[in-house]
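Beneath this line is the structure, given in structure tokens, with notes to follow.
Coordinate-derived values only; no laboratory data. What you see is a predicted model, and the numbers here were worked out from it, not measured in a lab. Glycine also receives a Cβ, built like all others from the backbone with ideal geometry; neighbour counts cover every protein chain displayed.
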Amino acid sequence: MEEKSKEKSTITDVANKELGLLGRHIDVLKTVKEHGPIGIIRLSQMTGQPQHMIRYSLRTLEKDGIITPSPHGAVVTDRVHETLGTLESTLDEFTIKVEDIKKKLK
């Protein structure tokens, strides 16, 4: 019985961690969009996230071509609007999937 509760916790922990990561990336992206060019220290102050997490989010967003570094800090690229639209529709799809998963639990 105890083994199952550990598995359940692990499954929910992974899902929660991934959603938290996505939320942080979106917070960083929106902050760069609204206040860029912006550096790591200011992003950290504005989002309340530690600098090492901000660096990771910036690397991820840069790798995806959504932001780019500049001499004055991170700035968004032309792909930002497309990406935000895609994220919104993807989150809508997630909502439907979550509802389907919840139905399976009943």
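Sorted largest first, the principal axis extents computed over the alpha-carbon atoms of the chain equal 56, 28, 21 Å. Of 85, 15, 96, which is farthest towards the positive pole of the chain's charge dipole, taken about the Cα centre with +1 and -1 on the beta-carbons of Lys, Arg and Asp, Glu respectively? In the chain, that residue is 15. Taking all Cα pairs closer than 8 Å and separated by 6 or more residues, the relative contact order of the chain comes to 21 percent.
The angle between the Cα long axis of helix 2-35 and the main principal axis of the chain comes to about 20°, on a 0 to 90 degree scale. Rounded to the nearest 500, the helix-only mean residue ellipticity at 222 nm of the chain stands at -26500 deg cm²/dmol, with each DSSP H run of n ≥ 4 adding -39,500 (n - 2.57). Compared with the dominant principal axis of the Cα atoms in the chain, helix 80-105 is inclined by about 10°.
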